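> Here you go, one structure.
Laboratory data are not the source of any read-out in this text; all were calculated from the coordinates shown. Since this is a predicted model, take the numbers as computed values, not measurements. Quick reminder, even Gly has a Cβ in these numbers, built from the backbone with ideal geometry, and neighbours come from all protein chains shown.
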Ligand code: ASP
């Protein structure tokens, strides 16, 4: 049976004619690459503006009844230069007029933003000689604006089964009343995943401008190694802690269908990139850890009370105070007579005194304080399950680097260890863990 590959190209991969050429080269190199999901043109250089952002600001002016001609002309000119530089025999003039009328008629912010993908999809379809499929008729949201996987998969699968090669713009679909709705920013990743599922693809290739995930943030460790294989669960842990490349919601549709995602680099197609799989099976892990990610901006509410552990309902009462104040908690490291609650600092801002007072009233602690400027570092890896002493090695790496560990929490899945350190130690701590597990790995 022939394989079907769904390929999604991000904004930087389709930012200008030169990038379009690379994309066509990649698509045409493999006849299995049948369904292509396109983003809107992104930045051509670092100070450039993405078409999506240009559309949002242009629509804002239009919606207030202002003169948006100049801004709209700048958008038109981005597409026209792609047409010209590729020597394409197509015109988007009719579409431009329709879109302008949509702006004047207040067709909505989502409609406006979605036109970036719509127009780029048209161009890419013409350039590749593929059919153009407008997701407005195939990707559906329900009345509450929640993506409807069931309906979409049913309708889209039927369409794709009858289609040999097609380009599908990313980022949007339609509401039951036929208005356009977009996913959140970066949502073409989600479209790619939906299309891969509906096509029953053997793989979802997500082409971007980096060669996959790196073990660590390159702003912290110079030239970190890339991750070859990562499981969906590991990725979830790392993304939660701030390692971004892929939209979080892009995982769900393919994950349940068991379709792997391969993150690839349009500018270096020969690089293997990162393979995201449901189960890495027996694939050996190169290192004990798969990745390290971290975030600053946490606070610890530290509570002490003698005999706390024998007082029924102590933790519940404290947590209820947080619930009443709508504060999410991240971790609760505890001792016999102490507990700390790690929370996002922003979530307690302006409520600190009230929270302390309420906890005092509820459980009468001997001592309570709030400590700020804490960073959390997640050390993630399926390889940790099989090996003993990983936490010990993390501790020893941090001790050698003179980093004081404020908290350590091992997830019950034994897939991750979270360490809390002072924000000023964040970089040193991350480097120390990387050195221990990657640079000096045996
Ligand atoms: N163009 C949209 C954005 O900039 C969606 C995407 O590129 O995935 O967010």
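> Residues in the stretch 413-427, backbone N under 15 Å from the label point at residue 240 (7 Å along the Cα-to-beta-carbon vector): list them, ranges by number please.
Counting only backbone N, you get 413-420.
> In whole percent, what relative contact order does the stretch 137-217 give with Cα contacts below 8 Å and a gap of six or more residues?
RCO, the stretch 137-217: 28 percent.
> Set the Förster distance to 41 Å, then compute FRET efficiency between residue 441 and residue 154 from the Cβ-Cβ distance, nearest 0.05.
Computed FRET efficiency for residue 441 and residue 154: 0.30.
> Once you have a ≥ b ≥ c as the square roots of the Cα gyration tensor eigenvalues for the stretch 394-441, tell me rounded if a/c is under 1.5, and otherwise prolate or oblate according to whether a/b is larger than b/c.
oblate
> Which of 250, 24, 112 moves the most in a Gaussian network model of the chain with Cα springs under 10 Å?
24
> Report, in whole Å, the centroid distance computed from the Cα atoms of the stretch 161-208 and the stretch 377-427.
Centre-to-centre distance over Cα atoms comes out at 38 Å.
> Peptides 354-367, 188-201, 86-99: what's the order by average Cβ count within 10 Å, highest mean first?
188-201, 354-367, 86-99
> Extending each Cα 7 Å along its Cβ direction at residue 278 and residue 369, get the distance between those two points in nm, one decimal.
So the label points at residue 278 and residue 369 sit 5.0 nm apart.
> If the chain between residue 387 and residue 326 were fully stretched, how many nm would it gain, using 0.36 nm times the residue separation less the Cα-Cα distance?
So the chain would gain 18.1 nm between residue 387 and residue 326.
> Also: Suppose we keep just the DSSP beta bridges with both residues in the chain; what percent of those would be antiparallel, to 5?
Of those bridges, close to 60 percent are antiparallel.
> If a/c stays under 1.5 just call it rounded; otherwise compare a/b with b/c (prolate if a/b is bigger, oblate if not). Do that for the stretch 66-166, with a ≥ b ≥ c from the square roots of the Cα gyration tensor eigenvalues.
Oblate.
> With the crude spin-label approximation of a point 7 Å out along Cα→Cβ, what separation in nm comes out for residue 400 versus residue 81?
5.1
> Could you compute the FRET efficiency for residue 346 and residue 249, with r as their C-beta to C-beta distance and R0 at 22 Å, rounded to 0.05?
Efficiency, from the Cβ-Cβ distance: 0.45.
> Here's something else I'd like to know. Over the chain, what is the mean sequence separation of C-alpha contacts under 8 Å (at least six apart), divided by residue count, expressed as relative contact order in percent?
Relative CO of the chain lands at 13 percent.
> Multiply the residue separation of residue 93 and residue 354 by 0.36 nm, subtract the distance between their alpha-carbon atoms, and state the gained length in nm to one decimal.
Full-extension gain reported as 88.0 nm.
> Identify the residues of the stretch 15-44 with backbone N under 16 Å of a label point that sits 7 angstrom from the Cα of residue 270 along the Cα-to-Cβ direction, or state none.
26, by backbone N distance to the label point.
> Label the stretch 107-205 by shape, choosing from rounded, prolate and oblate, from the square roots a ≥ b ≥ c of the eigenvalues of the Cα gyration tensor; if a/c is under 1.5 it is rounded, and otherwise prolate applies when a/b is larger than b/c, oblate when it is not.
Since a/c reaches 1.5 but b/c is at least a/b, the shape of the stretch 107-205 is classed as oblate.
> Next up: To test your reading of the geometry: what angle, between 0 and 90 degrees and rounded to tens, separates the Cα axis of helix 17-28 from the longest principal axis of the chain?
That helix lies at roughly 90 degrees to the long axis.
> Next question. Nearest 10 degrees is fine. How inclined is helix 352-363 to the longest principal axis of the chain, computing both from alpha carbons?
So the helix axis and the longest Cα principal axis differ by about 50 degrees.
> Run a plain Debye calculation on the chain (Cα atoms as equal point scatterers, no solvent) and give log10 I(q)/I(0) at q = 0.06, 0.08 Å⁻¹, rounded to two decimals, same order as the q list.
-0.33, -0.57
> Please compute the length gained on full extension between residue 428 and residue 101, using 0.36 nm multiplied by the number of residues separating them and subtracting their Cα-Cα distance.
Length difference between fully extended and current span is 112.2 nm.
> Any idea what angle helix 93-104 forms with the longest principal axis of the chain, computed on alpha-carbon atoms, 0 to 90 degrees, nearest 10?
On a 0 to 90 degree scale, this one is about 50.
> Next up: Highest GNM mean-square fluctuation, the chain, Cα pairs closer than 10 Å: which of 323, 117, 205?
Looking only at 323, 117, 205, the largest GNM fluctuation is found for 323.
> If we sort 400-410, 39-49 on the protection proxy, mean other Cβ atoms within 10 Å, highest first, what's the order?
39-49, 400-410
> Return the distance in nm (one decimal) between the two label points of a simple spin-label model at residue 30 and residue 319, each offset 7 Å from Cα along Cα→Cβ.
With each label point 7 Å from Cα toward Cβ, the separation is 4.5 nm.
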